[in-house]
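The values are calculated or read from the model by the stated rules, or taken from the named source; none is laboratory data. If you're wondering where the values come from, they're calculated on a predicted model, not measured in any experiment. Using ideal geometry, Cβ is built from the backbone for each residue, glycine included, and neighbour counts are taken over all protein chains shown. Side chains are part of the model used for accessible areas, which takes the heavy atoms of the whole protein and leaves out ligands, DNA and RNA. Shrake-Rupley method; radii C 1.70, N 1.55, O 1.52, S 1.80 Å.
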Amino acid sequence: MRAYELMVIIDAELDDEVIDATVKRIAEQIGQRGGTVRKEDRWGRRRFAYEINHKAEGYYAVFNLVAEPGALDDFERSLRLADDVVRHKLIRLPDAEAARRGLVDAGTAATA
């Protein structure tokens, strides 16, 4: 299992209920693909430094998760196609950072 960080920017023009449902749907989709969300951090509505797709603000959510390598490839494709997601970024965390955050065991991170 590898540790990842996923940041998603959701269209802030949507209703709060829709945004909440989108965040929950993202967490469920990670679980359906064999991943586990270890931490979900909702930053809320933020202004962009510049307009993205003619939008001035978005709703930010950050997920710390663990999943098998390659398990999230089609999930990332679905985020690219989703109309309510303005931007997303999925990065693999370095082993030392993953261990520091408690996402993987320190011994497992050194051998992974």
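Remarks
- Spatially proximal aspartates and glutamates relative to Lys89 (Cα-Cα < 13 Å; intrachain offsets below 8 disregarded): Glu5, Asp73, Glu76
- Peptides 88-97, 39-48 ranked from most to least packed give 88-97, 39-48, packing being the mean of other C-beta atoms within 10 angstrom over each peptide's residues.
- Residue-normalised accessible area of region 1-110, given per residue in Å² at a 1.4 Å probe: 59 Å²
- What the pair-distance distribution of the chain shows, using all Cα-Cα distances binned every 5 Å from zero, is 2, 12, 22, 22, 17, 12, 8, 3, 1, 0 percent.
- Comparing Glu13, Glu28, Glu51 in a Gaussian network model of the chain, where Cα atoms under 10 Å apart are tied by springs, the biggest mean-square fluctuation is seen for Glu51.
- Close amide H partners of Leu93, meaning residues 5 or more places away or on another chain with modelled amide H under 5 Å apart, are Ala3, Tyr4, Glu5.
- Residue-wise HN-Hα coupling along region 31-48, computed from phi with Karplus coefficients 6.51, -1.76, 1.60 (Hz; x: Gly, Pro): x, 5, 9, x, x, 10, 7, 8, 8, 10, 10, 9, 7, x, 7, 9, 7, 7
- Protein accessible area in region 1-60, 1.4 Å probe - carbon and sulfur %: 43 percent
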